[in-house]
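Asks: One structure, pasted below without further comment.
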Amino acid sequence: MTVEQVLERLREELAMPQLKLPIKEKDYTEEEYLQLKEDLIAYYRDYVDHFEN
């Protein structure tokens, strides 16, 4: 899967149509895609959900 395909799939599956990520330019396997998605969700939970003013 190309970088654009990865980004489009993430935008759709995560319901984030404006998502832009600086990811490495390469072909991604399904396993790499799933790991990227898992890492992104973990980052969001760890850093964004716990943000306090």
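Asks: Of [x] 1.01; [y] 1.05; [z] 1.13, which is the value of Rg/Rh (Cα atoms, Kirkwood Rh) derived from the coordinates here?
Replies: The value computed from this structure is option [x].
Asks: Let me ask you something else. Take Asp27 and Tyr47, extend 7 Å from each Cα along the Cα→Cβ direction, and tell me the distance between the two endpoints in nm.
Replies: Result: 3.1 nm between the two label points.
Asks: Could I ask something else about it? What is the helix-to-structure angle for 30-43, meaning the angle in degrees between its Cα long axis and the longest Cα principal axis of the chain, kept from 0 to 90 and rounded to the nearest 10?
Replies: That works out to roughly 10 degrees.
Readers should treat all values here as calculations from the given coordinates under stated rules, not as data from a laboratory. Keep in mind that this is a model prediction, so the values were computed, not measured. FYI the Cβ positions are ideal-geometry reconstructions off the backbone, even for glycines, and counts take in every protein chain you see.
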